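Student: The structure that follows is given in the form of structure tokens.
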2 protein chains.
Amino acid sequence: MLNQRDRLDLLFHALADPARRAMVERLSRGPASVSELARPLPMSLPAVVQHLRLLEASGLVRSEKAGRVRTCRIEPAALRTAERWIADRKTSWESRLDRLGDFLAAQPEDPKGRE
Amino acid sequence: MLNQRDRLDLLFHALADPARRAMVERLSRGPASVSELARPLPMSLPAVVQHLRLLEASGLVRSEKAGRVRTCRIEPAALRTAERWIADRKTSWESRLDRLGDFLAAQPEDPKGRE
């Protein structure tokens, strides 16, 4: 099983490509077949399938085959994992700014600094 | 100048490595020198400097040299750009679920479906 670190590696790597982001954008509006995903992209179907594999390995997308059509869906939990990592950094950055603000507010006024 | 697409490529690529994420985590708690950044990482100083260059190219980190010490800081705007891209996907996914919910709620009840 993947640990959190490997999962974040795969997630952010999956999002670091414009074609894969376009596929995630499309799927966040609803499920699509592989050929629907491929239609707006300037690349061959095998290239799209390669990107799709990487998206599935990252957990961002899952797909199911019914008859001859493979339908792809977004996996919101994976997007949430990436979002949470970023939000945690923001929290620690903002709480540092709060502490800095408290520290500055607690300093006595220095008339010489106002010249 | 980088367009939004290239910026997201660099941002997500920068975040796709555990050492670079560790550096961003450290810097989100406050500025640090390059050697402070390197201390907990299992790699050489030149390797850390390579990662730092990539973080600076992505806009996530900036650094300034004063005398012999280079001090690194987080750039919150870049993290916000990555966060916003993910949040936009979530919004479009959730509004689709809302529309689906409205559609299902508007369907007349079918007693046969309750058998």
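The values are calculated or read from the model by the stated rules, or taken from the named source; none is laboratory data. These figures come from a predicted structure and were not determined experimentally. Glycine also receives a Cβ, built like all others from the backbone with ideal geometry; neighbour counts cover every protein chain displayed. Side chains included, ligands, DNA and RNA excluded: accessible areas come from the protein's heavy atoms. Shrake-Rupley method; radii C 1.70, N 1.55, O 1.52, S 1.80 Å.
Student: Considering only protein heavy atoms and a 1.4 Å probe, what is the carbon-and-sulfur percentage of the accessible area of segment A:40-115?
Tutor: Whole-percent figure for carbon plus sulfur exposure: 53.
Student: How many Å² of accessible area per residue for the protein assembly as shown, probe 1.4 Å?
Tutor: 61 Å²
Student: Would you tell me the mean number of C-beta atoms belonging to other protein chains that fall within 10 Å of each C-beta in B:81-93, as a whole number?
Tutor: Partner-chain Cβ atoms within 10 Å, mean over residues of B:81-93: 6.
Student: Then there is this: Could you tell me the relative contact order of chain B? Use alpha-carbon pairs under 8 Å, at least six residues apart, and round to a whole percent.
Tutor: Relative contact order, chain B: 24 percent.
Student: A further question on this structure: Just counting partner chain Cβ atoms within 10 Å, what average do the residues of peptide A:25-38 show around their Cβ?
Tutor: Mean inter-chain Cβ contacts per residue within 10 Å come to 2.
Student: Could I have the simple spin-label model distance between residue A:80 and residue A:68, label points 7 Å from Cα toward Cβ, reported in nm to one decimal?
Tutor: It is 3.8 nm.
Student: Still on this structure, please answer the following. Using only protein heavy atoms and a 1.4 angstrom probe, determine the accessible area buried between B and A, summed over both sides, in Å² to the nearest 100.
Tutor: Chains B and A together bury roughly 2900 Å² of accessible area.
Student: Compute a Gaussian network model of chain A, connecting alpha carbons closer than 10 Å, and tell me which residue from A:89, A:70, A:62 fluctuates the most.
Tutor: Checking each option, the largest mean-square fluctuation is seen for A:89.
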